[in-house]
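The values are calculated or read from the model by the stated rules, or taken from the named source; none is laboratory data. It should be emphasised that the depicted structure is a prediction, and the values quoted were computed from it without experimental measurement. Cβ placement follows ideal geometry from the backbone for every residue including glycine, while neighbour counts extend to all protein chains displayed.
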Amino acid sequence: MQRRICKRNAFLGCVILVLLCEPGAGADGTGSLSGLQSLSAVSARDRRVWPVKIETDQSAVEKAVEEFVEIRAGEGRVQRWRGEIVNFSGTGLILRLSDGTEKHFPVERVVSYSPNSSSLYREANKRLAEGAVTEALGLFVRARTAESREWRRREITADIVRCYHALGDYVRAGEEFVDRLVVLDPQSPFVWCVPLAWFPEETLALAEPRARNWLNSDLAWVQLLAASYLLDSPAASQAVTVLDRLRSSTDETMAILASAQLWRRGWQSVQPNQLSQWENVIERLPARLKSGPCYLLGLAWKQQGAFDRAMVWLLRPPFLWPENRRVAARSLWEAAELAGKSPPSSSPDSAAGSDHQHEYQAIVKELVERFPESPWAAQVRAAIRSNSLESGSPVRDGP
């Protein structure tokens, strides 16, 4: 009986394994926030990855100021500075202290930051966490309009981008990313929201006209986005050419993402020894940009028949980086299908078959409750309505 209980907790055990295996800090070990997030969005798990001593700048403490930044000072130390965040862009963060002086910190030294936010913005984040993406999107747009600081408007734009991306609106997501973020700040610390495509979707075809224009941009992030949208289109050869060039970028993050986009064309035929190399490459990415490559790696391990490894990689996006809601939902969908298939040597009525069915039910529950806006959650709900959920595998709607 105890053995059966352990088996039925296989899904929970897999989730725990996912969380334990993820180092949490930046790939370079510095905690550099190339995928920066403000403290208002940092989970308890993220907040405890800094085994450092916090030093507070005493000269700025006398006046109670809500905003503060944490700066890596070397030798495992982090300094906390209080004041007003005047600007945060690719050139760094500018903090105005209580005495009027300004401090400039390079982006790579910024560990975390806590800006003032409006009630609209806080409500938008609350609604997004509840899965009400369309409502959250409207609130984010209103919050951006009401925001007086340009850098904060750019940060809110990142939230708007991920809402459109979550809804599968690649046109609007791309337009916001290009026109209201990267064009204004080419090295933006908020590029983590880049709404790349990682699997075929019908709505990508609507973005092709814009993507063809973006392909001629002088900005690398715009080129990457365009090539991503065109990789499964009639302009695929042009997209491959651009991605091949970006793979040689001196920006490691750009080079890795370009390479990972090309995995979309090769994951079905990749050799097992190459997959271990993919794993090492993914670990060098900033945390918030790992979702898409993890998804492809999970599919590749599944193709190889390594179901346990596939499951671990597919569960990483929804449990470690759920900010990319589109990829997180799709990853749960693939994980559910994987769990819903009993091992070939087991009958559906066997203990192993029952365990897999239990895992399947647990995963689809996560999908429906956490990412209700996704088309895959909608299909699960439809399956429930038609009393077909217990068939052991979701009804697929394409690749």
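Among the residues of the stretch 193-210, those identified as part of a helix (DSSP H, G or I) and surrounded by 23 or more Cβ atoms within 10 Å (Cβ to Cβ) are CYS193, ALA207.
Taken over the stretch 88-113, the criterion of being crowded, with 18+ Cβ neighbours inside 10 Å and of a type in the set (S, T, N, Q) is satisfied by SER89, SER112.
Report yes if some residue within the stretch 227-239 is closer than 14 Å to ARG154 by Cβ and crowded, with 23+ Cβ neighbours inside 10 Å; otherwise report no. Within the stretch 227-239, not a single residue is closer than 14 Å to ARG154 by Cβ and crowded, with 23+ Cβ neighbours inside 10 Å.
Looking only at the stretch 154-184, count how many residues are surrounded by fewer than 20 Cβ atoms within 10 Å (Cβ to Cβ) and either closer than 11 Å to TRP221 by Cβ or outside the structural domain of ALA124 (by TED's automatic domain parsing) (or both). Number of matching residues: 1.
Within the stretch 67-87, track down each residue that is buried (at least 17 other Cβ atoms within 10 Å of the Cβ), of a type outside the set (Phe, Trp, Tyr) and more than 22 Å from ARG144 (Cβ to Cβ). GLU70, ILE71, ARG72, VAL78, GLN79, ARG80, ARG82, GLY83, listed by residue number.
Part of a helix (DSSP H, G or I) and crowded, with 17+ Cβ neighbours inside 10 Å: does that describe ARG142?
Details: part of a helix (DSSP H, G or I): yes; crowded, with 17+ Cβ neighbours inside 10 Å: no.
Spelling it out, it is not the case that ARG142 is part of a helix (DSSP H, G or I) and crowded, with 17+ Cβ neighbours inside 10 Å.
Would you be able to say whether some residue in the stretch 348-356 is part of a helix (DSSP H, G or I), at pLDDT 90 or above and hydrophobic (A, V, I, L, M, F, W, C)?
Of the stretch 348-356, the ones part of a helix (DSSP H, G or I) are 351-356.
From what is left, the residues that are at pLDDT 90 or above are none.
No, there is no match, as no residue in the stretch 348-356 is part of a helix (DSSP H, G or I), at pLDDT 90 or above and hydrophobic (A, V, I, L, M, F, W, C).
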